[in-house]
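Okay, so here's the structure we're looking at.
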Amino acid sequence: MEAQRTDARLPRIEILRRWILGVLVLGLLGTVTELVLLEHYEQPLQFVPLGLIALALVTLAWNVLEDGPASRRSLVVVMILFVLSGFAGAAAHFIGSAEFQLELDPSMSTWDLVVKVMRARAPPVLAPGMMLQLGLLGLAYVFSDCRFKWSGTT
């Protein structure tokens with residue numbers, strides 16, 4: 001009953017922001033757990049999502065503890081890096097899979113290669129899209145804050 005009274009006094013956008021934050025943190029923790037279990041750290045480039053997730057968790061903690069302009073701007077930068085890493089990861093997965101498929105069958109047509117790569121389970125081409133989704137969710141969290149500004153002191 002007390003929780004309902006507290007939530008009723010909060011503006012609807014703040015309740016939504018808390019939900020977004022919760023989903024974002026769950027997504028970050030789930031993704032890092034999956035990457036560690038899949039041993040996604042065999043090559044240096046594979047550390048990028050692990051490092052970004054660690055950076056995001058630290059930046060989110062900073063934002064929750066000290067919600068100021070610097071922490072908000074830092075969170076935007078980190079989330080933009082997430083979006084970029086999603087595209088870069090998909091490209092890296094595609095290229096790696098295409099090279100492997102061409103080693104198996106160098107005479108494969110371009111269309112057959114694309115179809116084979118998109119259907120491949122290792123590396124899954126669209127898996128890095130999770131980084132893109134987490135980045136967009138993080139941006140939604142920051143931009144839903146009416147106090148967010150790139151310049152100024154608020």
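Read the figures in this text as sums done on the coordinates, not as results from a lab. Bear in mind the structure is a predicted one, so any value in this text is a computation, not a measurement. Positions of Cβ are backbone-derived with ideal geometry, glycine not excepted, and every protein chain shown enters the neighbour counts.
Are any of the residues in the stretch 52-60 over 16 Å from residue 140 (Cβ atoms) and part of a loop (DSSP other than H, G, I, E, B)? Talk me through it step by step, then tell me what you get.
Step one: list which residues in the stretch 52-60 are over 16 Å from residue 140 (Cβ atoms), which gives 52-55, 57-58.
If we keep only those that are part of a loop (DSSP other than H, G, I, E, B) as well, we get none.
So far as the stretch 52-60 goes, no, none of its residues is over 16 Å from residue 140 (Cβ atoms) and part of a loop (DSSP other than H, G, I, E, B).
Here is a yes/no grid of residues against (1) under 26 Å from the mean Cα position of the chain (by Cα); (2) at negative phi; (3) outside any loop (DSSP other than H, G, I, E, B); (4) aliphatic (A, V, I, L, M):
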position	(1), (2), (3), (4)
87	yes, yes, yes, no
98	yes, yes, yes, yes
112	no, yes, yes, no
122	yes, yes, no, yes
131	yes, yes, yes, yes
140	yes, yes, yes, yes
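What's the number of the condition residue 99 fails, among (1) without any contact (Cβ under 8 Å) to a residue 24 or more places away in the chain; (2) within 27 Å of residue 146 (Cβ to Cβ)?
(2)
Residue under question is residue 82, and the condition is that it be part of a helix (DSSP H, G or I), within 24 Å of residue 123 (Cα to Cα) and in contact with a Leu (Cβ under 9 Å, 6 or more places away or on another chain); does it hold? Let's see the steps before the verdict.
Working: part of a helix (DSSP H, G or I): yes; within 24 Å of residue 123 (Cα to Cα): yes; in contact with a Leu (Cβ under 9 Å, 6 or more places away or on another chain): yes.
Judged against the criteria, residue 82 is a match.
Here are some residues: 38, 28, 45. Which one is surrounded by fewer than 14 Cβ atoms within 10 Å (Cβ to Cβ), more than 17 Å from residue 143 (Cβ to Cβ), out of contact with any Ser or Thr (no Cβ under 8 Å at 6 or more places or on another chain) and in contact (Cβ under 8 Å) with a residue 40 or more places away in the chain?
Values: 38 fails: in contact (Cβ under 8 Å) with a residue 40 or more places away in the chain; 28 fails: surrounded by fewer than 14 Cβ atoms within 10 Å (Cβ to Cβ).
Every option except 45 fails the conditions.
When you check residue 73 against the structure, is it closer than 27 Å to residue 145 by Cα and either within 16 Å of the chain's Cα centre (by Cα) or in contact (Cβ under 8 Å) with a residue 40 or more places away in the chain (or both), yes or no?
On the way: closer than 27 Å to residue 145 by Cα: yes; either within 16 Å of the chain's Cα centre (by Cα) or in contact (Cβ under 8 Å) with a residue 40 or more places away in the chain (or both): yes.
When the stated conditions are applied, residue 73 passes them.
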